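K.L.:
If you scroll down you'll find the structure; I have some questions about it.
The values are calculated or read from the model by the stated rules, or taken from the named source; none is laboratory data. Given the structure is predicted, the values throughout are model-derived calculations rather than measurements. When we count neighbours, we look across all protein chains shown, and the Cβ atoms used for this are built from the backbone with ideal geometry, even at glycine. Heads up: the accessible areas ignore ligands, DNA and RNA and are worked out on the full protein's heavy atoms, side chains in. Shrake-Rupley method; radii C 1.70, N 1.55, O 1.52, S 1.80 Å.
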Amino acid sequence: MVEKINDIKKEKRKLVTLIITKDDPRKLRDVLLSIENNNLLSKSEILILDNSNKNKNRLKNSKLALRLKKNKIIYINKIHWEKIKEIFCSKIKERKISNILKNIELGTRDWDTHNARNAGATLCSLLYKYSDIILSLDDDMIIPKNFYLNTNKVNYPRG
């Protein structure tokens, strides 16, 4: 028990920024620049979930993801997601959960924001187990330079 408490104290509180983007590299560029110019978010880890259905846009978005030097960035597109799903579904024994995961598609031509958000939530729970806050942004959201999260006063949603 004491070891667990000491491990928790040693761990730094983490902020992860999840960006969901689709088919407009200019929007991704703008949101990444706004993150880079913000003191709080410029230190966060970033997960970019590319929901693009065009290869040229996925290529441009992956190049933009490599551009930021300060942040630890993970870039996932439709092709990566299919491989992740395949591996994850092979490890899951419950068929119902496996079927739900198989139906989450990225890069379709339809309006599929819900699929992207579900994929983002799944990936964040796998990759950032000990993160305190995950800030989910669409690619058309620009963060103000003076944006700040007071982590002492973040309340969980109630209903």
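K.L.:
Among the numbered conditions (1) at pLDDT 80 or above; (2) of a type in the set (Gly, Ala, Ser); (3) more than 16 Å from the chain's Cα centre (by Cα), tell me where residue 159 comes up short.
P.N.:
If we test residue 159 against (1) at pLDDT 80 or above; (2) of a type in the set (Gly, Ala, Ser); (3) more than 16 Å from the chain's Cα centre (by Cα), just (1) comes out false.
K.L.:
When residue 132 is evaluated against the numbered criteria (1) modelled with pLDDT under 85; (2) under 20 Å from residue 17 (Cα atoms); (3) surrounded by 15 or more Cβ atoms within 10 Å (Cβ to Cβ), which criterion, by number, is the only one it fails?
P.N.:
Answer for residue 132: the failing condition is (3).
K.L.:
Find the residue count for region 85-121, including only residues that are touching a residue at least 24 places away in the same chain (Cβ under 8 Å) and either touching a Pro at 6+ places or on another chain (Cβ under 7 Å) or open to solvent by less than 50 Å² (accessible area, probe 1.4 Å) (or both).
P.N.:
Residues that pass the stated criteria total 9.
K.L.:
Answer yes or no as to whether residue 63 is charged (D, E, K, R), more than 20 Å from residue 113 (Cβ to Cβ) and at pLDDT 85 or above.
P.N.:
Yes.
K.L.:
Moving on to the next point. When you check residue 15 against the structure, is it at pLDDT below 90, touching a strand residue (DSSP E or B) at 6+ places or on another chain (Cβ under 9 Å), open to solvent by 50 Å² or more (accessible area, probe 1.4 Å) and of a type outside the set (Lys, Arg), yes or no?
P.N.:
In short, no.
K.L.:
Looking at region 90-108 only, could you name the residues that are closer than 17 Å to residue 49 by Cβ and either part of a helix (DSSP H, G or I) or modelled with pLDDT under 80 (or both)?
P.N.:
Of everything in region 90-108, those that are closer than 17 Å to residue 49 by Cβ and either part of a helix (DSSP H, G or I) or modelled with pLDDT under 80 (or both) turn out to be 101, 107, 108.
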